[in-house]
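Notes to accompany the following structure.
The values are calculated or read from the model by the stated rules, or taken from the named source; none is laboratory data. Treat the numbers as computed from the prediction; the structure is a model and nothing was measured. Because the Cβ atoms are built from the backbone with ideal geometry, glycine has one as well, and the counts that use them run over all protein chains shown. The area values use the complete protein model at the heavy-atom level, side chains included, leaving out ligands, DNA and RNA. Shrake-Rupley method; radii C 1.70, N 1.55, O 1.52, S 1.80 Å.
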Amino acid sequence: MRKGIPNLSALQAFEATARLGTFSRAAEELSLTHSAVYRQVASLEARLGVQLFTRVRRRIALTDHGAEYAGRIRHHLDQIEKDTFGLVSRTGMGRSLHIAVVPTLATTWLIPRLADFNRMHPDITVSLSTRTLPFQFKDQPFDGALYHGDHIWPGTRGVLLFRERELVPVCAPALARGGQAQGGAPLAGMPHLHLNSRPDAWRLWYAENRFLFGPQAAGGPRYELFSMVLAAAQAGLGVGLVPRFLAQESLDAGRVVMPTPAVLPVSHGYYFCYPERGHGADAPRIFQGWLQSVAGEG
């Protein structure tokens, strides 16, 4: 046993008790006795030297330290469960891939096309999790990543699937009809919708098109995902900057319009990569080849 890591059974007993609120319910879930769960939790507190629960008669409540620790332990236990399932699925149920992907691209571009991959490779199961920031494969349980950037990550193999090319301003038709250009700025008077991960996008758009970037353009609501920006634009909440390939369907359907033809050119693109290290598995290479084929179709 590592000196800094408590007994796994004690951690499971503590997490279940914290989540369910009583020793009895935790014991039922874990198929243990009430006293066994109580002893596990008490021994964990003794080992840590930290009180995790307050006990008043038959009622218990997490302390502040206990609540924080429970959340962290729950995350690690969930990860152990996922890693174990991933190992079993690789060895006993055919090949599997766990891919990290940026959220909007997953829902609008990748998932609608995955049925084609499933038909071609029914023996490979593809699971997806969202990640918006770069990471090290050695620290995460992923077999590959589909991400937005300008290069292949160090220590990986991969390809550029397609470039983003440009961000386009979109808003609801009614908002465009009601907007009025002021001082040569076609979007004056419209609330500007911003993406958290690209805080400078509107400033760059204004500079690219030689418009004055004023306080109104800098203000406005912030959103986590492009899909949220597009939905907010469709709802008439303002004008958003989104990649043309993500907005094209809504533009074609008339749900949004471009209030001005001015765009922001983008040199970055969407890449797929997987770690150079590995055990000879060919599933990431097969998935990469399929991604290249569908990306080439537009």
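Listing for the model above:
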quantity: Given charges at Cβ of Lys, Arg, Asp, Glu: the chain dipole, positive-most of Ala262, Ser35, Pro112; calculated: Ser35
quantity: Within the chain, longest stretch free of exposed trypsin sites (Lys or Arg not before Pro) [DSSP loop, at most 10 other beta carbons within 10 Å]; calculated: 59-209
quantity: Contour excess over end-to-end distance, with Cα ends at Thr63 and Asp116 and 0.36 nm allotted per residue; calculated: 14.0 nm
quantity: Heavy-atom surface of the chain, accessible at 1.4 Å and reported per residue (Å²); calculated: 56
quantity: Among beta bridges that DSSP assigns inside the chain, antiparallel share in %, nearest 5; calculated: 65
quantity: Accessible area of Met228 in the full protein assembly, 1.4 Å probe (Å², nearest 10); calculated: 90
quantity: Projected label distance in nm at Asn209 and Ser9, using a 7 Å step from Cα toward the beta-carbon; calculated: 6.7
quantity: With Cα atoms, 0 to 90° folded angle of helix 111-120 axis to the chain main axis; calculated: 70
quantity: Relative contact order (%) - the chain, alpha-carbon pairs under 8 angstrom, separation at least six; calculated: 19
quantity: Estimated dipole of the stretch 158-238 in Debye, rounded to 20 [Cβ of Lys and Arg +1, of Asp and Glu -1, Cα centre]; calculated: 80
quantity: The stretch 1-81 shape via C-alpha gyration tensor axes, a/c threshold 1.5; calculated: rounded
quantity: Neighbour cut-off at most 11 other Cβ (10 Å), DSSP loop, GluC sites (Glu not before Pro), the stretch 227-297; calculated: Glu276, Glu297
quantity: Sites Phe162 and Ile80, calculated FRET efficiency, Cβ-Cβ separation with R0 22 Å, nearest 0.05; calculated: 0.05
quantity: Degrees separating the helix 283-296 axis from the principal Cα axis of the chain, which is the longest one; calculated: 20
quantity: Accessible area of Leu246 in the full protein assembly, 1.4 Å probe (Å², nearest 10); calculated: 20
quantity: Solvent-accessible area, 1.4 Å probe, carbon plus sulfur percent, for the stretch 108-167; calculated: 50
quantity: Efficiency of FRET from Cβ geometry, Glu297 and Ile152, R₀ 25 Å, rounded to 0.05; calculated: 0.65
quantity: Solvent-accessible area of Ile152 with every protein chain in place, 1.4 Å probe, in Å² to the nearest 10; calculated: 50
